[in-house]
Amino acid sequence: MSAPTPAPPTTPTTSDGARSSLEALRTEIAKAVVGQDPAVTGLVVALLCRGHVLLEGVPGVAKTLLVRALAAALDLDTKRVQFTPDLMPSDVTGSLVYDSGTAAFSFQPGPVFTHLLLADEINRTPPKTQSALLEAMEEHQVTVDGTPRPLPDPFLVAATQNPVEYEGTYPLPEAQLDRFLLKLTVPLPSREDEISVLGRHADGFDPRDLRAAGVRPVAGPAELGAARDAVAKTTVSPEITGYVVDICRATRDSPSLALGVSPRGATALLSTARAWAWLTGRDYVTPDDVKALALPTLRHRVHLRPEAEMEGVTADSVITSVLAHVPVPR
């Protein structure tokens, strides 16, 4: 009897191959979502940085569809939780269930035990349930009955929320907001993009069936792992580090802000700038990379003074002003 033929060795994913796979995510997502390229880029950056994303926009701008399309384009396990006022923390994290057969309690994992968790309309559930995600997002584990249980790797929370001025919403507390790497705004589409959306629906596009729309998995854990390794090797000069620190310190001195960016925010900005530099094909970070990611990385980490808010000042306008005044390294 002949010996079985050994399986061919698997070829490690290269940095360039990983970059190509992640760039292909945009093409796949564009089959379902029109005109939201900045949000797509932000989601890819969050995957590279092991961070989480908060998507904010009015109802009907495809926030949920965007995350579902990302999930369909990734070879990862995904789950969705629709946040409602009566949702309990155990509905997210899991709980101990009594097994009459063994006369013992066993842990039943909740939907948070997945690679990509879609937390839909997270600001429609009370703070008690919102806080159930804090440990999972920060430490990638869930503690139930004193026992920590690790979450899968990679793990990404993509949460959507409507603007807080809409009825029936609970603003996320600062501690929760700070756990999100990026806050991405999903605007209303342009006239041309809206015409394209209607044209797709007229041709039979069904947002509930992304497979029929042609969305296919183009990246998985191997590509993400190779990409993260490459991002970690991206060079950051002392001048760039100082530039990031100067930007964050300038927000703390802004007269329009009651709360500026913390050191955690500075670390987040450095991480997202490195990821963006690698995605654009460079192995070093430039000041333009920092500027490109400053708004989505910092806008939810500052708190406006009431008088500034009454005058129409926004977090984005303050950060834009800071970027204009902080000296750029040569």
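Over the stretch 45-131, what relative contact order in percent results from Cα pairs under 8 Å that are six or more residues apart? Don't jump to the answer; show the numbers that get you there.
On the way: 101 pairs, mean separation 27.5, N = 87.
Reported as a whole number, the value is 32 percent.
Packing-wise, with mean Cβ within 10 Å as the measure, how do 31-39, 124-132 rank, highest first?
On the way: 31-39: 20.1, 124-132: 18.4.
Ranked by mean Cβ neighbours within 10 Å, highest first: 31-39, 124-132.
Report the relative contact order of the chain, percent, no decimals, based on alpha-carbon pairs under 8 angstrom and at least 6 residues apart.
On the way: 535 pairs, mean separation 70.1, N = 330.
Relative contact order of the chain: 21 percent.
Between ASP316 and PHE205, the modelled label-to-label distance comes to 2.3 nm, taking each label 7 Å out from Cα in the direction of the beta carbon. Take the stretch 75-208 with all the other protein chains still there, run a 1.4 Å probe, and you get 53 Å² of accessible area per residue. Available extension along the chain between ASP86 and ARG282 is 65.8 nm, counting 0.36 nm per residue and deducting the alpha carbon span. For LEU257, the residues whose amide H sits under 5 Å from its own are ARG305, ignoring neighbours fewer than 5 places away on the same chain, with H placed 1.01 Å from N.
Per 0.36 nm of contour for each residue apart, how much would the distance between ALA222 and GLU174 grow if the chain were fully extended, relative to their Cα-Cα spacing?
Working: separation 48, 0.36 × 48 = 17.28 nm, distance 3.41 nm.
That pair, ALA222 and GLU174, stretches by 13.9 nm at full extension.
If the chain between ARG50 and ASP145 were fully stretched, how many nm would it gain, using 0.36 nm times the residue separation less the Cα-Cα distance?
Working: separation 95, 0.36 × 95 = 34.20 nm, distance 2.67 nm.
Gain on stretching ARG50 to ASP145: 31.5 nm.
Taking a ≥ b ≥ c as the square roots of the Cα gyration tensor eigenvalues, with a/c under 1.5 meaning rounded and otherwise prolate when a/b beats b/c, else oblate, which class fits the chain?
rounded
Computed 3J(HN,Hα) for the stretch 177-185, one whole-Hz value per residue from the Karplus formula 6.51 cos²θ - 1.76 cosθ + 1.60 where θ = phi - 60°, is 4, 5, 7, 7, 5, 10, 10, 9, 8, glycine and proline marked x.
Here the accessible area of the stretch 198-259 is 52 percent carbon and sulfur, with a 1.4 angstrom probe and all protein chains present.
Spatial offset of the stretch 130-194 relative to the stretch 286-330 amounts to 21 Å, using the alpha carbon center of each.
Of all DSSP bridge pairs formed entirely within the chain, close to 40 percent run antiparallel. Model label points for ASP16 and ALA104, set 7 angstrom from Cα along the Cα-to-Cβ axis, are 5.4 nm apart.
The values are calculated or read from the model by the stated rules, or taken from the named source; none is laboratory data. Predicted model, so just to flag it, every value in this text is computed and none were measured. Because the Cβ atoms are built from the backbone with ideal geometry, glycine has one as well, and the counts that use them run over all protein chains shown. When the accessible area is computed, the model is the full protein with side chains, heavy atoms only, and any ligands, DNA or RNA have been set aside. Shrake-Rupley method; radii C 1.70, N 1.55, O 1.52, S 1.80 Å.
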